Every structure is written in C-alpha cells, then in structure tokens.
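Asks: The structure follows.
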Amino acid sequence: AENGTVICFEKGCMETREAVPTGRVLVDGKGVGDVGEAILRERMRLSEDGVVVVHLSVDERRGGVIDGPRILSRVKGIVLEVADEMKALPAPDWRSAEAEIERRLKRFFYKSIERRPLILPIIAAL
C-alpha cells in the first residue's frame, strides 16, 4: 500500500479501494489546511532569514526624528539617511519613507550577510 491507499477489511478479507488525497496539512490557529502560498513563503523566509523591525518616531510638523532607531549603527545610519531626505522635502511622505527604508535595508542585509530577512519599518508620526 502507498500513502493514501484505502485498505478495507470485511468478513476476514482485505481489499484496497480508491486512493484518497494525502500530503501535509497545515494548521493555522483558526483553520486546517487553509494556509495560502504567500503565507507559506513568508514563514519559510522567516525561518531561514529572520526578521528586522525598525521603529522610528518623527515630528510630523517639523519632520525631525524624535526617537530611534535603536538598531545596529550601520543600519541606523541608513534609516536616518532616509529620514533626513524626507525632512528636506516640502511635504514629507512618511509612508513612502517606510518603503524606502525597507528597500535600502534589504540591499544592505543581502550585501552584508547574504540573507533576505523580513523587514518591517514602522514610522510613528507624532
């Protein structure tokens, strides 16, 4: 018998019947087997490359950094560089700054450690 083969025992006899689908079934909190491909890819990436969370508090009116980031010095330099570039704009778009921080940090981590961690930049405009 192979995985999925149905074996039926009746009146002292054994016979095989039509196979049923088999494979891994992933359980995710609320459901069974309903984890999508995108989530699986993200979890695989997390398990292999890790995660980096960047938190930066900025003064929305003046555009300056109030607090953070509290991370590696070279990474901090990259984040502050993006913040300075945003501050120089007449109307800083901090959401696009998050995307730019993510883009630059992805490049930095790949060049430094040849890994692609999940990067979550969070800018709190106060």
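Asks: Taking the stretch 108-122 as the region of interest, how many residues are over 17 Å from the mean Cα position of the chain (by Cα) and either closer than 17 Å to residue 57 by Cβ or open to solvent by 60 Å² or more (accessible area, probe 1.4 Å) (or both)?
Replies: 2
Asks: Scan (1) within 30 Å of residue 1 (Cα to Cα); (2) modelled with pLDDT under 85; (3) of a type in the set (Ser, Thr, Tyr) for the single condition residue 16 breaks and write down its number.
Replies: Of everything listed in (1) within 30 Å of residue 1 (Cα to Cα); (2) modelled with pLDDT under 85; (3) of a type in the set (Ser, Thr, Tyr), residue 16 misses just condition (2).
Asks: Right, next: Quick check on the stretch 76-107: of everything there that is open to solvent by 50 Å² or more (accessible area, probe 1.4 Å) and part of a loop (DSSP other than H, G, I, E, B), which residue is nearest to residue 119 (Cα to Cα)?
Replies: 93
Asks: Here's a check for you: in the stretch 54-75, which residue that is open to solvent by 80 Å² or more (accessible area, probe 1.4 Å) and either in a loop (DSSP other than H, G, I, E, B) or closer than 18 Å to residue 95 by Cα (or both) is modelled with the highest pLDDT?
Replies: Among them, the one singled out is 66.
Asks: Right, here's the next one. Can you tell me which of (1) part of a helix (DSSP H, G or I); (2) in contact (Cβ under 8 Å) with a residue 60 or more places away in the chain; (3) open to solvent by 80 Å² or more (accessible area, probe 1.4 Å) is the one residue 46 doesn't meet?
Replies: (3)
The values are calculated or read from the model by the stated rules, or taken from the named source; none is laboratory data. All values reported here derive from a predicted model rather than from experimental measurement. All Cβ positions, glycine included, derive from the backbone under ideal geometry; neighbour counts span all protein chains shown. Surface accessibility is based on the protein's heavy atoms, side chains included, excluding ligands, DNA and RNA. Shrake-Rupley method; radii C 1.70, N 1.55, O 1.52, S 1.80 Å.
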